[in-house]
Amino acid sequence: MDPKRIIEDGYDRLAPRFEEWDSGSDEVLGWFLGEILQRLPGGAAVIELGCGSGTAAAVLADGRTYTGVDISAGQLALARERLPGETFLHGDLTRISFPDGTFDAVVALYVFNHVPQVE
């Protein structure tokens with residue numbers, strides 16, 4: 001089976017219980033987000049690759065133009081519920097493309113461990 005479909009299916013299946021599963025404190029994520037936010041000016045266009053359920057989307061979107069991309073439709077449904085006014089795209093982050101200069105910043109938290117090393 002395609003490794004990307006395994007990831008997609010797994011996160012889709014986890015979606016109904018994701019908040020419960022992800023309810024613990026994550027000090028490392030908090031630190032990373034703090035570092036990112038220090039470097040992002042207001043009004044910046046930000047894309048988050050592997051946005052999942054939108055856990056970090058609210059702080060990344062605050063005062064900025066935000067786009068989240070994820071392979072899991074189930075996770076994106078959660079993200080859209082959390083932040084209905086933001087842009088969320090269903091897609092493979094290794095295949096999606098945008099014109100140069102579309103975004104001022106690219107954020108990817110806990111996603112590259114899901115990308116196959118060889119395609």
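The values are calculated or read from the model by the stated rules, or taken from the named source; none is laboratory data. The structure presented is a predicted model; accordingly, all values stated were derived computationally and were not measured. Cβ sites come from the backbone with ideal geometry, for glycine too, and all protein chains shown count toward neighbours. We work out accessible area using only protein heavy atoms, side chains counted, and drop any ligands, DNA or RNA first. Shrake-Rupley method; radii C 1.70, N 1.55, O 1.52, S 1.80 Å.
I need the full set of residues from segment 53-82 which are within 21 Å of residue 102 (Cα to Cα) and out of contact with any Leu (no Cβ under 8 Å at 6 or more places or on another chain), in order please.
62, 63, 65
Wholly within segment 22-119, which strands (runs of 3 or more DSSP E) include no fewer than the required count, namely at least 3 residues that are within 26 Å of residue 9 (Cα to Cα), at pLDDT 95 or above and in contact with a Phe, Trp or Tyr (Cβ under 8 Å, 6 or more places away or on another chain)?
Correct list: 65-70.
Being under 12 Å from the mean Cα position of the chain (by Cα) and at negative phi is the filter here, so list the residues in segment 34-58 that pass it.
Across segment 34-58, the qualifying residues are 46, 47, 48, 49, 51, 53, 55, 56, 57, 58.
Check off (1) among the aliphatic types (A, V, I, L, M); (2) modelled with pLDDT under 90; (3) open to solvent by 30 Å² or more (accessible area, probe 1.4 Å); (4) part of a helix (DSSP H, G or I) for residue 15 and give me the number that stays unchecked.
(3)
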